[in-house]
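For reference, the structure is listed below as C-alpha cells.
Values in this text are rule-based calculations from the coordinates and carry no lab data. A quick note: this is a predicted structure, and the numbers were derived from the prediction, not measured. Please note: Cβ atoms are built from the backbone with ideal geometry, for glycine as well, and neighbour counts cover all protein chains shown.
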Ligand SMILES: *Cc1c(COP(=O)(O)O)cnc(C)c1O
C-alpha cells in the first residue's frame, strides 16, 4: 500500500522537467493519456505484488526511467509506418517499394501547391471556372504530339475510364496474348468487367493475326485495344499484329483503336544505353486514337495515369462522371508538370530525374560503391556470412521489357551455416537487413542474399547503420 502511495500523481508527472520536451513536441493531451495508461498498468502490477514492478518503483532513478518509458511509447504512437527503405532488389521501378523517387523540382512544386490556394480550376483571365487538365495538357501535347490529354489517379484508372466511356455495354476486341495481369489487382479481364464492357478475345496465346481481329468485329464492337505485355514476353512461334495495321483496321470499321502502353516512355531511351521502349509519340504516330500510360513508371514522376490522343475522344472522357471520381489532386498535377518540364532538356535529364539516373548509372560508378562497401560489410558480418562483390543484372521493372537486363554489381552474402540450414540462415540474414532503421531490401537467389547496388546513393548512411545488424 505504501508503495502505491509513492507513485507520482499524473499532475506531478506532467509538471516534471523530464516530460517538458515531449509535451512541447506532441502536446499535453497525448502525454497525459500515455502517462495515465502507464500509471494504471503499474498500479495493477503492484497490487498483484509483481516483484519486478516493485523493485523498479523502489529504484533510485525510477522517475527518470518511467518518464523515458512514456516518451518511448508516445514516440512510437507518433511515428509513421511509411518509412524510407534502401531498394537494393535490382528492380529499379519497384511497385511495392513505391516506384519512382521524385526530383527536387517536383518536390518543390508539390510544396508550393500544397501550401497555397491555387488556380487549379480557375481561369485567371476570365475569372470563371477553369479546367484542371489545362495545366498539363499543353506540355503533354507538345512532347507526345497528341491533340489532347487528361490525367487520372493511375494507369489502371486511365484504362477503366477509357473503356467505360467508349465501350460501356459493348464489346472490346483484344488479343488473347495480351490479357495480362500486372501485379495483384490489375487484370485486363477484370478491368473490362468493372468498366461494364464485354471482352472479346481473339487469336491464341502465342499467335494473333489481323484476320482474327477482322472476323471478330461486329455491330456491337466499340473499340480495338492493344495492351503492352508489360511483365512477360512470349517467345518462339509467335505473331502479334502491328499497331499500324490495327489502327488502319479500326479506321476502316469506324471504331477507335486504344493502346495501353503501361510504362510508356516519353523519349527514346537508347541514348541513355537503355533498351528501346515504344514511346508515346511513336504509338500515336502509328495511328492509335488514345494511348494510356503511368506517371510513375518509366516517366519517373508521381503516381498518375495519363491519357493522350484525339481531342474528340478525350472530351468524352472528361464528361464521364467517373472522371470526377478518378481525377488527380493539385499536388500530383504540380509534381507531374515539374517532371514533364524536365523532359524539355533531354541532355540534362539523366542527372535531374532520379529514375533515369539509376537506370542509366554506369557500371564504373556502381563498382566504386561496391569497392567502398565491401570491407565494412565484411567486418559487420564476420562469422555470420561471407561477402563478395558479384556481377548481376538489374531490371527496369513495372512493365518495361523484363528480358532486357542491365549489367550491375551486387554484394553477395553466403551465410555461414550447417548443411541443410542455409535457407533458414539466409532468410534470417535478409530479415536482419530489413530490421535496420532504414530497412535494406535485397533479393534471395540460390541460398544467397544479393544486394544490387545500382540504386544505392547514400553509401555513408548505409555503412553507418551496419553496426546495428
Ligand atoms: C502497370 C500497367 C498498368 C497499371 O498501371 P498503374 O499505374 O499501376 O495503375 C496497366 N497496364 C499496363 C500494360 C501496365 O504495364
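Structure above, values below:
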| item | result |
| --- | --- |
| Using distinct alpha-carbon pairs, which all enter the 1/r mean, Kirkwood radius of segment 104-348 in Å | 18.6 Å |
| Residues in segment 76-114 that a label on residue 26 would reach, taking backbone N under 14 Å of a point 7 Å out along Cα→Cβ | 76-81 |
| Sequence ranges 326-337, 106-117, ranked by mean other-Cβ count within 10 angstrom, highest first | 326-337, 106-117 |
| Inter-probe distance in nm under a simple model that places probes 7 Å from Cα toward Cβ, at residue 187 and residue 43 | 5.5 nm |
| The chain: proportion of alpha-carbon pairs further apart than 44 angstrom, % | 33 percent |
| Rh by Kirkwood over Cα pairs, then Stokes-Einstein D for segment 2-78 at 0.692 mPa s and 37 °C, µm²/s | 258 µm²/s |
| Length gained when the stretch residue 129-residue 176 is fully extended (0.36 nm per residue, less Cα-Cα span) | 12.5 nm |
| Angle between the chain longest axis and helix 134-144 axis [Cα atoms, degrees, rounded to 10] | 60 degrees |
| CD proxy at 222 nm, helix term only [per DSSP H run n ≥ 4: -39500 (n - 2.57); per residue of the chain; nearest 500] | -13000 deg cm²/dmol |
| Computed label-point distance, nm, for sites residue 85 and residue 3 using a 7 Å Cα→Cβ extension | 4.4 nm |
| Fraction of beta bridges assigned by DSSP in segment 104-348 that are antiparallel (%, nearest 5) | 45 percent |
| Extension gain, residue 50 back to residue 465 (0.36 nm per residue minus Cα-Cα distance, nm) | 145.7 nm |
| For the chain, share of DSSP beta bridges that run antiparallel, in % to the nearest 5 | 60 percent |
| Normalised contact order of the chain, rounded percent, pairs of Cα under 8 Å and 6 or more residues apart | 18 percent |
| Geometric extent, Cα atoms of segment 1-152 - Rg, Dmax (angstrom) | 27.3, 82 |
| Segment 278-359 shape via C-alpha gyration tensor axes, a/c threshold 1.5 | oblate |
| Förster radius 56 Å - calculated FRET efficiency between residue 252 and residue 432, Cβ distance, rounded to 0.05 | 0.35 |
| Computed over segment 211-359, the ratio Rg/Rh where both radii use C-alpha atoms and Rh is Kirkwood | 1.00 |
| Distance (nanometres) between label positions extended 7 Å along Cα→Cβ at residue 270 and residue 405 | 2.4 nm |
| Förster radius 35 Å - calculated FRET efficiency between residue 325 and residue 348, Cβ distance, rounded to 0.05 | 0.40 |
| Gyration tensor (alpha-carbon) shape descriptor, segment 338-443, a/c threshold 1.5 | prolate |
| Pairwise FRET efficiency - residue 445 versus residue 204, Cβ, R0 = 25 Å, nearest 0.05 | 0.15 |
| Near-label residues of segment 301-334 by backbone N, under 14 Å of a point 7 Å along Cα→Cβ of residue 120 | 324-334 |
| Span from the segment 1-39 Cα centroid across to the segment 70-125 one, whole angstrom | 34 Å |
